[in-house]
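K.L.:
The structure's right below; bear with me while I get my questions together.
Readers should treat all values here as calculations from the given coordinates under stated rules, not as data from a laboratory. It should be emphasised that the depicted structure is a prediction, and the values quoted were computed from it without experimental measurement. For neighbour counting, all protein chains shown are included, and Cβ atoms are generated from backbone atoms with ideal geometry for every residue, glycine included.
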Amino acid sequence: MFATGVTIVTARTPAGELVGLTANSFNSVSLSPPLVLWSLSQAAGSMAALSTGSHYAINILAADQKALAERFASKREDRWTDVLFTEGASGSPLLVGAAATFECFNRSRYEEGDHVIFVGEVERCSHRAGAAPLLFHGGKFYTEHPL
């Protein structure tokens with residue numbers, strides 16, 4: 001019963017393959033230095049790429065990106081087909097239309113239970129002025145809400 005924002009964490013493998021997954025376990029940690037955290041199941045297929053890579057991006061989704069959140073939450077092989085993105089400074093994909101993006105250095109990881117908590121040091125960030133956030137609550141996405 002806790003409402004959260006919705007993110008897609010993106011990265012590239014050393015071979016250049018695109019990695020992306022929907023996550024709502026995102027939170028700020030520190031302003032100085034700028035740190036954020038998110039968590040991932042140890043059984044996730046993308047664990048190897050995300051735990052060994054040096055950088056990733058956290059894309060905060062806008063209310064009009066519900067379909068993208070659902071796509072990257074699925075196990076479909078073609079999740080990147082026709083997805084618009086630009087390349088961040090460290091090579092991580094930055095999703096076009098996101099409410100905000102955080103380009104992070106993969107600073108540390110902590111195994112807790114069946115998940116790994118990732119702490120990222122924010123190297124660059126941007127936001128889309130006026131973008132309403134996509135929210136998740138009670139197992140459902142919410143695209144319309146009073147702010």
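K.L.:
If r is the Cβ-Cβ distance from residue 13 to residue 132 and R0 is 22 Å, what FRET efficiency results, to the nearest 0.05?
P.N.:
It comes out at approximately 0.10.
K.L.:
Here's a follow-up. Using Cα pairs closer than 8 Å and at least 6 residues apart in sequence, work out the relative contact order for the chain, in percent.
P.N.:
Dividing the mean separation by the residue count of the chain yields 30 percent.
K.L.:
Counting only helical runs of four or more DSSP H residues, what would the 222 nm mean residue ellipticity of the chain come to if each run contributes -39,500 (n - 2.57) and the total is spread over all its residues?
P.N.:
-2500 deg cm²/dmol
K.L.:
Please report the spacing between the Cα centers of region 15-74 and region 77-147 in Å, no decimals.
P.N.:
When both Cα centres are located, 6 Å separates them.
K.L.:
Additional query: Any chance you could run the full-extension gain for residue 43 through residue 29? It's 0.36 nm times the residue separation minus the Cα-Cα distance, nm to one decimal.
P.N.:
In short, 2.6 nm is gained.
K.L.:
Follow-up question, since we're still on this one. Among 42, 5, 143, which residue has its Cα furthest toward the positive end of the charge dipole of the chain, with +1 on Lys/Arg Cβ and -1 on Asp/Glu Cβ?
P.N.:
Checked the options; the winner is 143.
K.L.:
In addition: Between the DSSP loop rule and a limit of at most 12 other Cβ atoms within 10 Å, which GluC sites (Glu not before Pro) in region 65-136 are left?
P.N.:
77
K.L.:
Oh, and also: Report the gain in length on full extension from residue 87 to residue 123: 0.36 nm times residue separation, minus Cα-Cα distance, nm rounded to one decimal.
P.N.:
Taking 0.36 nm per residue and subtracting the Cα distance, the gain is 11.5 nm.
K.L.:
Hey, got the dipole for the chain? About the Cα centre, +1 on K and R Cβ, -1 on D and E Cβ, debye to the nearest 20?
P.N.:
120 debye
K.L.:
Applying the Karplus parametrisation 6.51 cos²θ - 1.76 cosθ + 1.60 with θ = phi - 60° to the phi angles of region 74-79, what ³J(HN,Hα) value in whole Hz is obtained for each residue in order, glycine and proline being reported as x?
P.N.:
The phi angles translate into 8, 9, 4, 6, 9, 4 Hz.
K.L.:
If you take the beta carbon distance between residue 111 and residue 73 as r and set R0 to 22 Å, what does 1/(1 + (r/R0)^6) give as a FRET efficiency, to the nearest 0.05?
P.N.:
0.45
K.L.:
As an exercise, identify the chymotrypsin sites (Phe, Trp or Tyr not before Pro) in region 1-103 lying in DSSP coil whose Cβ has no more than 16 other Cβ atoms within 10 Å.
P.N.:
Sparse-neighbourhood loop chymotrypsin sites (Phe, Trp or Tyr not before Pro): 2, 80.
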